[in-house]
């Protein structure tokens, strides 16, 4: 009799435990049909507090050198969002080339964003190592965009070209083509920004983030870059890393539209 009671009690206990485990397991599973939306990002290129103008604006860097900009391009990729619970949401892998000369490239759309509220955004400036060794590709990564070193088998992460009286080249041009993905000269940089207010990505509307990219930061913070000392940078190395560390600081959020 005692054994029967014991086995009956044990059966009830095990059944209850299995039910609890099943409930917990179910709560940990992601929802198969979780609603998604899109988030739009507008990149606004500046020099300090002045909108960047190609071949028109005359600027001065922290080394006291005058310069104009004729080309300004950079890759952004591998976006992530942090929700209000601190969870990191990794979005589908996309590569975008922002080109100051083409307005449409300054407006990008992040697809497959789970509906929710977000407090931070993260992305990479540049093209990751896997893509760098994958040969010729299409779209934003196509060689005809002028951002691929065919001789060096790798991508230019960011590019600035222009003119300066202090440039030591024959036509006073300076060329900053920043690349390299192998240590110790890895120019890939991660941008992490805490949003000034909560971003609400709703099912019935698509939120927008306005981001400022300050080209003047290429010349300072933390490294002072002189056009006279380095008019041409077109290979991975110490000079490229100095600029990469600088342009990692060039992004900030101007506004959020929910």
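Throughout, read-outs are computed from the coordinates displayed, never taken from laboratory work. All values derive from a computational prediction rather than experimental measurement. Note: ideal-geometry Cβ built from the backbone for every residue, glycine included; neighbour counts use all protein chains shown.
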query: Which value in Å is the Kirkwood Rh of segment 140-188 over different Cα pairs?
result: 12.2
query: What is the extension gain from residue 87 to residue 53, computed as 0.36 nm multiplied by their sequence separation minus the C-alpha to C-alpha distance, in nm to one decimal?
result: 8.4 nm
- line: Per-residue ellipticity at 222 nm attributable to helices in the chain (runs of n ≥ 4 DSSP H, -39500 (n - 2.57) apiece, nearest 500 deg cm²/dmol) works out to -5000 deg cm²/dmol
query: Hey, with R₀ at 25 Å, roughly what FRET efficiency would residue 150 and residue 173 work out to, going by the Cβ-Cβ distance, to 0.05?
result: 0.75
- prompt: At what distance in nm do the modelled label points of residue 112 and residue 255 sit from each other, each positioned 7 Å from its Cα along Cα→Cβ?
  reply: 3.2
Evaluated at q = 0.14, 0.26, 0.28, 0.31 Å⁻¹: base-10 log I(q)/I(0), Debye formula over Cα of segment 163-217: -0.74, -1.10, -1.15, -1.22
query: How big is the equivalent ellipsoid of the chain along its three axes, where each semi-axis is √(5λ) from the Cα gyration tensor, reported in whole Å from largest to smallest?
result: 49, 20, 16
statement: For the pair residue 133 and residue 102, the simple spin-label estimate (label points 7 Å beyond Cα toward Cβ) gives in nm 2.9
